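Take a look at the structure below.
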Amino acid sequence: MKDRNNDTSQSRSAANGEPPTGSPSVSAGRRPKRPSANRRSRGQLPVRALIETAGPEPNTPLSEVRLTVGRIGGPHGVQGEMKLRILTDDPEHLATIRTVYLGERTVPIVLESIRFMNEGALIKLEGTHAPEDAALLSGLAVKIAGSDARPLAEGEYFLFQLIGLKAFLEDETPVGTVTDLIETGANDVLVIGERQDSSGDLLVPNHPEFVLEISPEKGRIVIRPPVYAN
C-alpha cells in the first residue's frame, strides 16, 4: 500500500524511507515530458521504486507538498555550517530559497546561507551556531515547499504527479494505470498496473520511443509498449 501521508522528493530517492525526490520522493523530481535520459550528474543510482518512498497524492496542491532537496551530512567548521548532500536536479535554485523544513517537522526554519562546493553544498540554518548544534541535525532531510520550487516549464512535471495517470495506447485503447515508478539510473520505468486484460504489471521505460505523451493535467499518458523477443 502506498503511503501518501508524508512528503516527496524533488528528484532523487533518499535513504531511510524518506524521499528522493523530490525523486516521488518519490526521487521525485522534475523531468522533461519526453526525456531521452534522466538528468543525473552525480553517477547512477541503485534501482529504487517510487512506492518505496512516501509521497503526497498526485493532485495535492504544491503549497502543501514538501520536496526533499538534500540531506544534512554533519557539521563543517566551528560556525554552525553543515554539509549538505544535494538530492535535487536543480541545485542552483536553492540559492533563492529563504526557508526550509527539516525531516518531518512542520515549522520552517530560515536558511541563512548556502555555499556550493564539489558535488554538495555547505548550509547555515538559523539557530545553529556551533558544531554541536549542527551535529544534532545530521541525517535529516532538507525540504522546501512545493510552491517555492522553480515553476514548472511547459512539458515538465514532478514524479509524484505520474501516479494514478491512466495509460492508453496510440489508438486510445485503455491499458491500465500508472501505479509506480522505478528509478534505475538510466531511464525511469513506469509500472502500469490495474490492467483489465492481465493480472501482471506492464513495465514501460520512460523514453520517447515508448512514452509518447505525458499529460498530468489530463490525467493520462500514451504509451507504445516495448516488444520483447522470446
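The values are calculated or read from the model by the stated rules, or taken from the named source; none is laboratory data. Everything quoted here is computed from the prediction, not taken from an experiment. Quick reminder, even Gly has a Cβ in these numbers, built from the backbone with ideal geometry, and neighbours come from all protein chains shown.
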### Query
What single numbered condition from (1) more than 30 Å from VAL191 (Cβ to Cβ); (2) at pLDDT 95 or above; (3) of a type in the set (Val, Ile, Thr) fails to hold for THR106?
(2)
#### Entry: Members of the stretch 55-83 that are in a loop (DSSP other than H, G, I, E, B) and either closer than 23 Å to LEU162 by Cβ or of a type in the set (S, T, N, Q) (or both)
GLY55, PRO56, GLU57, PRO58, ASN59, THR60, PRO61, VAL65, GLN79
### Task
Quick one: in the stretch 197-226, of everything that is in contact with a Leu (Cβ under 7 Å, 6 or more places away or on another chain) and of a type in the set (D, E, K, R), which residue is surrounded by the fewest Cβ atoms within 10 Å (Cβ to Cβ)?
ARG224
### Query
What number of residues within the stretch 209-230 are outside any strand (DSSP E or B), more than 20 Å from the chain's Cα centre (by Cα) and either within 12 Å of LEU165 (Cα to Cα) or of a type outside the set (A, V, I, L, M, F, W, C) (or both)?
7
#### Entry: Given (1) modelled with pLDDT of 95 or more; (2) surrounded by 19 or more Cβ atoms within 10 Å (Cβ to Cβ); (3) of a type in the set (S, T, N, Q), index of the condition SER113 fails
(2)
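For every residue, the table says whether it meets (1) within 16 Å of the chain's Cα centre (by Cα); (2) surrounded by fewer than 21 Cβ atoms within 10 Å (Cβ to Cβ).
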site	(1), (2)
LYS143	yes, no
PRO151	yes, yes
LEU165	no, no
LEU181	yes, no
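Among residues belonging to the stretch 61-91 that are touching a strand residue (DSSP E or B) at 6+ places or on another chain (Cβ under 9 Å) and more than 22 Å from LEU137 (Cα to Cα), point out the one that is surrounded by the most Cβ atoms within 10 Å (Cβ to Cβ).
Our first condition is that a residue be touching a strand residue (DSSP E or B) at 6+ places or on another chain (Cβ under 9 Å); within the stretch 61-91, this holds for 62-77, 79-91.
Next, only the ones that are more than 22 Å from LEU137 (Cα to Cα) stay: 62-64, 89-90.
On the way: LEU62: 16, SER63: 9, GLU64: 12, ASP89: 23, ASP90: 17.
Looking at residues that are touching a strand residue (DSSP E or B) at 6+ places or on another chain (Cβ under 9 Å) and more than 22 Å from LEU137 (Cα to Cα), I get ASP89.
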### LEU94 part of a loop (DSSP other than H, G, I, E, B), surrounded by 18 or more Cβ atoms within 10 Å (Cβ to Cβ) and modelled with pLDDT of 95 or more
no
